[in-house]
Structures are given as structure tokens and as C-alpha cells.
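The values are calculated or read from the model by the stated rules, or taken from the named source; none is laboratory data. Worth saying up front: this structure is predicted, and the values here are computed from it rather than measured. All Cβ positions, even for glycine, are placed from backbone atoms using ideal geometry, and neighbour counts span all protein chains on display.
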Amino acid sequence: MRTVLALILVAAVGGCAVVPPAAWDFDPARPAPAAALAPQQVAPMTQRVAQLETERTAIRNRIAAARDVRQRLALYEQLHRVGRELSPLERQLAGRR
């Protein structure tokens, strides 16, 4: 009985040791090239990033001027929303370079 359990355990562990084929050819010195964005895609993204950065700065200024904690918390929520929208756009534009 112990032998059967040991064999089942070995088979289960062996099944977890599967290496994907891409892992054998991976070379950290030569990363895969990033996909290039078309200029028609970059222009609106850049414009939206600038708009969100302006909005983020305005929210930060309102946070600095706010005296009430509840008001600041609402502003922090707005800041977080803007940051969540801004972050993927910045990553896409940074990957383009």
C-alpha cells in the first residue's frame, strides 16, 4: 500500500515538472522585440496621457488645499481612478520606445 502511494506521489510530482518549450530557448541577453505601435495609435494615447497627467496634478493640488479628511479621501479615490487609467497607457507608450 505504501509503495502504491509513493508511486502515485512520484507521478504527481513528475507531472508538475513539465517545462514549456519556450523555456528551453529563453535567453535573457536577447529579449523578444516589443510590438511597435502605429503613429495613428500613438497620437491619441499621448494626448490622453497628457490630459490624465493634467487631471492628476489638479487633483493633487486640491488634496494639498483640502482641510477636511473626508474630502481628501474622496480626492484620493479620484486620484487612484486617474492613476489606474494612466498606468496602462504609460506602459504601452514606454514599451514602444
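Only residues that are of a type in the set (A, V, I, L, M), outside any loop (DSSP other than H, G, I, E, B) and under 20 Å from the mean Cα position of the chain (by Cα): list them for the stretch 24-50, please. Before the answer, list the steps.
Of the stretch 24-50, the ones of a type in the set (A, V, I, L, M) are 29, 32, 34-38, 42-43, 45, 49-50.
This time we only want the ones that are outside any loop (DSSP other than H, G, I, E, B), so: 42-43, 45, 49-50.
Those that are of a type in the set (A, V, I, L, M), outside any loop (DSSP other than H, G, I, E, B) and under 20 Å from the mean Cα position of the chain (by Cα): Val42, Met45, Val49, Ala50.
Would the stretch 33-45 turn up any residue that is out of contact with any strand residue (DSSP E or B) (no Cβ under 7 Å at 6 or more places or on another chain), surrounded by 12 or more Cβ atoms within 10 Å (Cβ to Cβ), among the β-branched types (Val, Ile, Thr) and modelled with pLDDT of 95 or more? Write out each step before concluding.
Keep residues of the stretch 33-45 that are out of contact with any strand residue (DSSP E or B) (no Cβ under 7 Å at 6 or more places or on another chain), which gives 33-45.
Those still in the list that are surrounded by 12 or more Cβ atoms within 10 Å (Cβ to Cβ) too: 37, 41-42, 45.
Checking the rest, the ones that are also among the β-branched types (Val, Ile, Thr) come to 42.
In the following step, the residues that additionally are modelled with pLDDT of 95 or more were identified as none.
No: the stretch 33-45 contains no residue that is out of contact with any strand residue (DSSP E or B) (no Cβ under 7 Å at 6 or more places or on another chain), surrounded by 12 or more Cβ atoms within 10 Å (Cβ to Cβ), among the β-branched types (Val, Ile, Thr) and modelled with pLDDT of 95 or more.
Run Leu73 past the list (1) in a helix (DSSP H, G or I); (2) modelled with pLDDT under 85 and report the number of the one that doesn't hold.
So Leu73 meets the others, but not (2).
Taking the stretch 66-97, which residues are polar (S, T, N, Q) and farther than 30 Å from Pro33 by Cα?
Residues of the stretch 66-97 polar (S, T, N, Q): 71, 78, 87, 92.
Hits for the stretch 66-97 are Gln71, Gln78.
Given the structure, is Arg62 in contact (Cβ under 8 Å) with a residue 40 or more places away in the chain, surrounded by 10 or more Cβ atoms within 10 Å (Cβ to Cβ) and of a type outside the set (Phe, Trp, Tyr)?
Values: in contact (Cβ under 8 Å) with a residue 40 or more places away in the chain: no; surrounded by 10 or more Cβ atoms within 10 Å (Cβ to Cβ): yes; of a type outside the set (Phe, Trp, Tyr): yes.
Against the criterion (in contact (Cβ under 8 Å) with a residue 40 or more places away in the chain, surrounded by 10 or more Cβ atoms within 10 Å (Cβ to Cβ) and of a type outside the set (Phe, Trp, Tyr)), Arg62 does not qualify.
Quick one: Val18 ticks every box in (1) touching a helix residue (DSSP H, G or I) at 6+ places or on another chain (Cβ under 6 Å); (2) part of a loop (DSSP other than H, G, I, E, B); (3) among the β-branched types (Val, Ile, Thr) bar one, so which box is it?
(1)
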